[in-house]
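The values are calculated or read from the model by the stated rules, or taken from the named source; none is laboratory data. If you're wondering where the values come from, they're calculated on a predicted model, not measured in any experiment. Cβ placement follows ideal geometry from the backbone for every residue including glycine, while neighbour counts extend to all protein chains displayed. Side chains included, ligands, DNA and RNA excluded: accessible areas come from the protein's heavy atoms. Shrake-Rupley method; radii C 1.70, N 1.55, O 1.52, S 1.80 Å.
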Amino acid sequence: MPVMTRKRSKDPVTAATTSFLWPYLKSQGFVKSTTRNFSKEVNGFFQQVWIDANGFSGKESVRVHYNVMPVAEANVASYSVGDGIDSWDMSTHELADESMQDVVVLLGSELLPKMDSFSNYESYITQFNDYGSGNDEYKQSTLSKMSRWKTSDFNAEELEKIDANRKKLRL
């Protein structure tokens, strides 16, 4: 009986994500939260990697984002530690395949280890304090909560947020 091969997506970014990025991230414990967003939980933090191919230059300038955030943040769109890496030309299947393989190497050699290093409260608080945005009152309030969260001291509302965030990320 002939082996059926799955037809690749006509979209080069989707095809490369499915062929290269997703298998690698899955092997690293990530789940697929959306088509181009991948998440996992480590030490009370969510780690996320996502692909942005919808910017000004479209598939000619694809950006890879990575971030880490405490599980008890108000929602998964709140403050995080991370960055975005520009830019890969993924306008054709060949370019997308080559670029996505480069992304996988970068994730394995630099970005995932960096995310792991931020996935503890001591490091995260330092990063937030040094690079976090917002006014001083907001930062002090957030730092106070994070200090309490180091000991897994969550109130009922925060526990509900944690559960909602896990569901939103499909964890």
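Which of the residues spanning region 146-161 are more than 22 Å from the chain's Cα centre (by Cα), within 18 Å of Thr126 (Cα to Cα) and surrounded by 12 or more Cβ atoms within 10 Å (Cβ to Cβ)?
Within region 146-161, Ser147, Arg148 meet the criteria.
Please go through (1) at pLDDT below 90; (2) more than 21 Å from Thr14 (Cα to Cα); (3) assigned to a helix (DSSP H, G or I) for Ser78 and return the number of the only condition it doesn't satisfy.
Only one criterion is unmet by Ser78, namely (3).
Being of a type in the set (S, T, N, Q) and open to solvent by less than 70 Å² (accessible area, probe 1.4 Å) is the filter here, so list the residues in region 39-51 that pass it.
Scanning region 39-51 gives Ser39, Gln47, Gln48.
Given the structure, is Glu94 acidic (Asp, Glu), surrounded by 17 or more Cβ atoms within 10 Å (Cβ to Cβ) and modelled with pLDDT under 95?
no
I'd like the full set of residues that are open to solvent by 30 Å² or more (accessible area, probe 1.4 Å) and either outside any helix (DSSP H, G or I) or within 23 Å of Ile85 (Cα to Cα) (or both), limited to region 126-141.
Once the filter is applied, which keeps residues that are open to solvent by 30 Å² or more (accessible area, probe 1.4 Å) and either outside any helix (DSSP H, G or I) or within 23 Å of Ile85 (Cα to Cα) (or both), region 126-141 yields Thr126, Gln127, Asn129, Asp130, Tyr131, Ser133, Gly134, Asn135.
One line per residue, one yes/no per condition, for (1) closer than 20 Å to Pro12 by Cα; (2) basic (Lys, Arg); (3) touching a Gly at 6+ places or on another chain (Cβ under 6 Å); (4) touching a residue at least 12 places away in the same chain (Cβ under 8 Å):
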{"residue": "Asp97", "(1), (2), (3), (4)": "yes, no, no, yes"}
{"residue": "Met100", "(1), (2), (3), (4)": "yes, no, no, yes"}
{"residue": "Val104", "(1), (2), (3), (4)": "yes, no, no, yes"}
{"residue": "Glu110", "(1), (2), (3), (4)": "no, no, no, no"}
{"residue": "Met115", "(1), (2), (3), (4)": "no, no, no, yes"}
{"residue": "Tyr121", "(1), (2), (3), (4)": "no, no, no, yes"}
{"residue": "Phe128", "(1), (2), (3), (4)": "no, no, no, yes"}
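Just give me the residues in region 21-38 being modelled with pLDDT of 95 or more and either open to solvent by less than 40 Å² (accessible area, probe 1.4 Å) or not in a strand (DSSP E or B) (or both), in sequence order.
Selection gives Leu21, Trp22, Pro23, Tyr24, Leu25, Lys26, Ser27, Gln28, Gly29, Phe30, Phe38.
Being open to solvent by less than 80 Å² (accessible area, probe 1.4 Å), part of a helix (DSSP H, G or I) and not hydroxyl-bearing (Ser, Thr, Tyr) is the filter here; which residues of region 111-125 pass it?
Across region 111-125, the qualifying residues are Leu111, Leu112, Pro113, Met115, Asp116, Phe118, Ile125.
Of all residues in region 81-91, how many are in contact with a strand residue (DSSP E or B) (Cβ under 7 Å, 6 or more places away or on another chain), surrounded by fewer than 17 Cβ atoms within 10 Å (Cβ to Cβ) and modelled with pLDDT of 80 or more?
Within region 81-91, residues that are in contact with a strand residue (DSSP E or B) (Cβ under 7 Å, 6 or more places away or on another chain), surrounded by fewer than 17 Cβ atoms within 10 Å (Cβ to Cβ) and modelled with pLDDT of 80 or more number 4.
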